[in-house]
Amino acid sequence: MKILLVVGITIVAAVGIMWWLGTRLPIKHRAGVAVDLRQTPEAVFDAISDVVATPQWRKDVKSVELLPADNGQPRYREAGSNGVIDYRIELAERPRRLVTRIDDPSLPFGGSWTFTIAPKGEGSHVEIVEDGEIRSIPFRFLSHYLFGYHGTLETYANALATKSGEQAAIQRL
């Protein structure tokens, strides 16, 4: 009985500390990665903007469904390892910039990804910046202390390089 009481108190204390630390973390964060590719900026832009084709080269995406546009902004639903998430394309300036945003305020997280593509030699320098927000206190704690903010960005950059038959040398921004 004494052992169960100690275990119970330890669990409650751990959850309390996690909750307290989570409330001290900022809701918003910024993370980014960069990768140099041999592909032209046009080829890179075409790959990232063709969202329907992403399940062919991103292992973490099972399917993509186009949704009706809203205020002229294309929308889509992505099903994958992070669940089902609706997105909108806020800005598409071929071949240099694409901005996508999570389009579901009911999720415990949200934000945007900005892809900036610049010529570099005969290839491209690609930067992906996440301006995210984590509204859920436990998820904020776990993201900051356990998962980190760069994991999904690095997975995406690796998949983009692999799609082109390249090995990614990812730099954190």
Dimensionless Rg/Rh of segment 115-173 - Kirkwood Rh, Rg from C-alpha atoms: 1.07
Helix axis angle, 151-163 relative to the chain longest principal axis, alpha carbon, degrees: 30
MRE, 222 nm, helices only [DSSP H, n ≥ 4, -39500 (n - 2.57), over the chain, to nearest 500]: -9500 deg cm²/dmol
Footprinting exposure proxy for F139, F147, F45 (fewest neighbouring C-beta atoms within 10 Å first): F147, F139, F45
Value of Rg/Rh across the chain [Cα atoms, Kirkwood radius]: 1.07
Lysine pair count for the chain [Cα-Cα under 30 Å; pairs on different chains or 8 or more apart]: 6
Listed residue (Y149, T100, A69) projecting farthest to the positive dipole end of segment 2-172, Cβ model: Y149
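Each reported figure results from applying straightforward, stated rules to the coordinates on display, with no laboratory input. Predicted model, so just to flag it, every value in this text is computed and none were measured. Don't worry about glycine lacking a Cβ; one is built from the backbone with ideal geometry, like all the others, and counts go over all protein chains shown.
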